[in-house]
Amino acid sequence: RGKALQSLFKMSYSCSKVGDPRPGHPYKGGNFCAFLPDNKEGLNIAMLLKKAFECGLTFQIKSCNGEERVTWGPIPHKTSWDGGKARNGYPDAQYLHEVGTVL
């Protein structure tokens, strides 16, 4: 396994806004972690992911069992360094291309 870039996100509890499942209601935050390879393509994707985060595209609020919580948004992230595509991990030869297309 090569070197990896790791991103950690800590999303707090807060109140949802217009456009969320239940505006004005509290939602649960969470801790999120994502991985990219530490190479030129991985660094380029990291810059695009940073812009997506700054635009509010990385996370969304979903209603689950009557409670709102923060979840990953529509941009695919690798949440494990191993386990393959089926477990949101590596190896996944197409991931950088696929996430680049989404971004």
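Can you give the local net charge around LYS85? Use residues other than it whose beta-carbon is closer than 15 angstrom to its beta-carbon, Lys and Arg +1, Asp and Glu -1. Summing Lys/Arg as +1 and Asp/Glu as -1 gives -1. Legend: residues THR101, THR79, sorted from most to least accessible area (1.4 Å probe; ligands, DNA and RNA excluded), read THR101, THR79.
If you sort ASP92, ASP38, ASP82 by accessible surface, 1.4 Å probe, largest first, the order is ASP82, ASP38, ASP92.
The values are calculated or read from the model by the stated rules, or taken from the named source; none is laboratory data. These figures come from a predicted structure and were not determined experimentally. So basically every Cβ, Gly included, is an ideal-geometry build from the backbone, and we count neighbours across all protein chains shown. Calculation scope for accessible area: heavy atoms of the full protein, side chains included, ligands and nucleic acids excluded. Shrake-Rupley method; radii C 1.70, N 1.55, O 1.52, S 1.80 Å.
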